[in-house]
Structures are given as structure tokens and as C-alpha cells.
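The structure appears right after this line, and notes come after that.
FYI, it's all coordinate maths here, none of it is from the lab. In this text the structure is predicted, and so the values were computed from the model without any measurement. Quick reminder, even Gly has a Cβ in these numbers, built from the backbone with ideal geometry, and neighbours come from all protein chains shown.
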């Protein structure tokens, strides 16, 4: 087997190495943007060195010729990988396995279906494949050494025009890779309150902010903060759910977290059934107190 | 202008489904089936576009045994003009579904293919992008807003960092996300009335075998309820003991 890991940026590269190292086989990393990370144990680091990555048709046209010399091409499950990698699989006419959480052997993997309510063991009956993996299934990569870097000039071709793009507000870590996530639900009454209460605790813990679909749909929190089956899947060391009752869709996105804390006025809320620590309290009292005591 | 909407019949997304004891399959006794919710959003979007531009012709297509007719009829009742049923009880993976759809695209020559970003049963998120690749046409996945002008589509799509706006020449493929629209409710009489709309049957035209196979289904390790703490100080002490806060 020969493995190419596709990393959209340096954070991705670190996550990719945890999968690469788990295979126990040599691997190369292709990093699309930012300065290449070279201490991840890759046999070789290929670098596009771009300021940003292009739309999927352009990107996949450049990834196809590079991928052809490998038997497996993998990337961290993110929206950008979920956009591009299946297209790459189509261009190569390779099968694909989404959201791998465990490697059983070279051709057998475990992945969730039905919003994580069932795990399936799947077998690949083909010598090549594309896959995406979830970080929760793999331990953090060992760092050390220096891999050789090869600059590659991508051969882009496509028809899509990007007219505009919003960027993440700086300061907070990316939800999908954060060690701590603080999420809020519909009880936060408006965007300003959400940012002050949920954002305040997240900042005190150096964590990311998440939200329920209800909070996003009511305009309290931004779309990209949605955690759950149809939003982001998170797997932090600490997940704090404040004012979240715990819909199946939301819980599907958080159950790989190491420690889940639920803070809710309703002691019978389903979230308490999966929380390691539950506090029945009003979040307007408990969160500011928690924030203040953590800051000390 | 022609829009093709591929739809899939899936297990009711709100059903609690468990694997059989022996792990050989899912226990589907007394489970209902629906149009994949993301595909239903795609049908709804096509119908809304047609309401703005009556020149639009909407074709829905599905792949499967006789039972998928229920979902095709529902899509017709929502406002699609015609349906195509590719009759097959074979097993498929995403690649082989995309190739079968490609044959329909070659015959129909749609300007836009509009479909769900993923199915809520297998959660793969592959078929749309694979189809776009096989057809060598541009794609915009996870759409939250779609506008058509002659010969081009402008799509607002959800990304890891917020959203972006892409413009693509037709033909192109768009996959739908939750926020695009809320599908209309179709009462039963509406579904019965749609029986007069054309539903064409066709046979499989490809012979690709699935290259990914499910060997076993199992329940994930359950998380159990932990401990209730009395106040913030107790919570901080527990989290410090676990080493997740300092």
C-alpha cells in the first residue's frame, strides 16, 4: 500500500499524520496552503504553497495526476474534504469510504452510518481507494524529524468562478480540531448574549464555540458553528453543552468527546443521559461563575 | 431549461434503528421509508425555481425495486413533471449509482442536476460529486441559496469557515444543504392526484459491481449518564481531577 494524505492547511497536516501513523506504513503528505509542516514522520511532504485553495473542479484536476501513483488517498473529514475528495474519487474512478473511525486491516475499516447510531465494518474489494477519516478514531501524531519537502506546481483546470468567500473570525481554534468546545442552544436570547456567555467561557478555556441547529436557525449563532449530524462532528477533550436539551442530531455530533458536561435548567433533558457531569442550573448564573473562576 | 433531481428512498430519519443480533443487517421491521430529506430539499428547490420560471422541466429519477415508486410519486406530487424509475434490486455503491445516473443524464441532457448532499441512511456524501466528475461538469456542494440565469448558476454554499458564492456555467451539479429551503407538506390526496403524471420505467444500463461492501453492523459503545454535581465549584473540582482544566 502507498498512502497520500491531503492536507488543506497545517492543522490538517497534523491531523493527517495521526491517521498516517496509525496505518503503520510510510506515507506522503500533500499540503495545499500555508508553509509545509515537516516534523510529522512523512516520507515526503509535497507542497502547493498556495494562499488559499480553489473550487473543487480546479483542485481535483490538480490532485488527480498526483494521486495516480498511490493506492490510497486520504483526508481529514471536513466540509472542504467532503466537497473535493468524492470528486477526486470520480475522476480516478476509485471507490470511496467516508468518515473512517478505525482501521481493521488494509482493506477493512469501521465507519458510522445513520447519524452515528450504527457502526459498520466495511470491506474494500479494489486495490485503490479514497477515504476520509474522523480525528476521534486516532491518537495524536508523534512529532519529530524532518521530512524532505518538494514544491509542486499544481495544474489547475476548471469552470467555476468564486465570487466571494467569508473567513473565520480569528482568535478561536477550529471547531473540528479544538481540545475544548463550549456550545449553546436556543435559550441564549440573542447573538450578543450568545457571544458574551458562550464565547466568554470558550475564551477563558482557550476553546472553540459551537451551537445547536436551533440556535443557528434562530440567528443567534453563525451557520459554521453548528454541531451535529448535519453540522460539524467534534471530538474535544472537554465539551460543555449549555442550555442544550440534546436532540439525536446534536448528540450524534458530540459523542466522541472525552468528557461531556451538561448545564441545563431541566434535569430530565436527554443531554444528561450522555453527560459525564451534569449541573442542573440556569446557564445565566452558572456560566459567568464558571468563566470567572476559571480565569482566576 | 431542464433540471434532473435524483432521489433515494431511505429509512425514516427519525426512526431508531438497531442492528440485528448477529450483525448481518439492520432490523427494519416496522420501519417507514421516506425520500432522503436532503433530496426532498432538492425537489422543493427545483419546484420553487419552476414557480419563478415556468419554462423549467423537472425530472426526478430513482434507482431500486418497485417500492421506490412511492417516493417518485411523492416528488411528482410536490411538483416534478415526470419521473424515471430505474428498476433494479442489485447492490450499488456510490460509484455504481453515479454511473447509472450518468446514463440517464446522457439521454436527458439536463442543464442542472440538483440532489441531496448525502443520504441520511449511509451518510456517505459521495454520489453527487462522483457524478459531476464522471460528467466532467462543475459542482457546488452544500448549497444554501441557488439562483439561475440563462446558462449559469450562482450558488451560495456552506463551508468550514462560513460561506462562499460560486458561479458555474451550465450544465452543472448542485447538492443541497438543510438551510436551502423547507419542503412543502403534501397531503395524501395530492399524492393520489399525481398518479396521472408520467412515470417511465427503464432497466439498468451499466453493470458495475459495488467495490465497497458492508460486512457487519454493530451498535456503537454506549455513553452512560455520569454524575450530577451540585454547583460550579464541584464541577470545577471534577474537571480538574480529570485533567481537562487546570
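Odds and ends about this structure:
- Per-q log10 I(q)/I(0), the stretch B:62-111, q = 0.13, 0.24, 0.28 Å⁻¹ (Debye; single scatterer per alpha-carbon; no solvent): -0.34, -1.02, -1.14
- Once the Cα gyration tensor of the stretch A:46-199 is diagonalised, semi-axes √(5λ) in Å: 30, 23, 17
- Summarising the label geometry, the points placed 7 Å from Cα in the beta-carbon direction at residue A:247 and residue A:106 lie 4.4 nm from one another.
- Taking the square roots of five times each eigenvalue of the Cα gyration tensor of the protein assembly as shown, the equivalent ellipsoid has semi-axes of 37, 29, 23 Å, listed largest first.
- Residue with peak Gaussian network fluctuation, chain B [Cα springs, cutoff 10 Å], from B:30, B:171, B:62: B:30
- At q = 0.13, 0.16, 0.25, 0.29 Å⁻¹, base-10 log of I(q)/I(0) for the stretch B:87-147 (Debye sum, equal scatterers on each alpha carbon): -0.36, -0.54, -1.21, -1.41
- Note that chain B, at 4 °C in a medium of 1.567 mPa s, gets a Stokes-Einstein diffusion coefficient of 65 µm²/s from its Kirkwood radius over C-alpha pairs.
- Once the chain from residue A:203 to residue A:237 is taken as fully extended at 0.36 nm per residue, the excess over their C-alpha distance is 10.7 nm.
- By the Kirkwood approach, averaging reciprocal distances over each pair of separate Cα atoms, the stretch A:1-96 gets a hydrodynamic radius of 13.1 Å.
- Scattering profile of the stretch A:52-109 at q = 0.23, 0.28 Å⁻¹ [log10 I(q)/I(0), Debye over alpha-carbon scatterers]: -0.99, -1.31
- C-alpha long axis of helix A:283-295 to longest principal axis of chain A, angle in °: 70
- Over chain A: helical MRE at 222 nm, DSSP H runs n ≥ 4 each giving -39500 (n - 2.57), nearest 500: -7000 deg cm²/dmol
- Considered as an equivalent ellipsoid built on the Cα gyration tensor, chain A has semi-axes of 36, 20, 18 Å, the largest given first.
- Pairwise FRET efficiency - residue A:196 versus residue A:71, Cβ, R0 = 60 Å, nearest 0.05: 0.75
- The spacing between the stretch A:34-83 and the stretch A:230-296, judged by their C-alpha centroids, is 35 Å.
- Nearest 10 degrees, 0 to 90: helix A:56-67 Cα axis against chain A principal axis: 50
- Shape of the stretch A:175-295, Cα gyration tensor, a/c cut at 1.5: rounded
- Of the peptides A:221-231, B:236-246, A:97-107, A:29-39, the ranking by mean beta-carbon count within 10 Å, highest at the top, reads A:221-231, A:29-39, A:97-107, B:236-246.
- The value of relative contact order for the stretch A:175-295, using C-alpha pairs under 8 Å at least six residues apart, is 25 percent.
- Expected-Rg normalisation [2.2 N^0.38 Å, Cα atoms] applied to the stretch B:3-96: 1.23
- Average beta carbon contacts from partner chains per residue of A:76-85, 10 Å cutoff: 5
- By the count of neighbouring beta-carbon atoms within 10 Å, fewest first, B:108, A:119 end up ordered B:108, A:119.
- Degrees, to the nearest 10: A:79-92 long Cα axis against longest axis of chain A: 30
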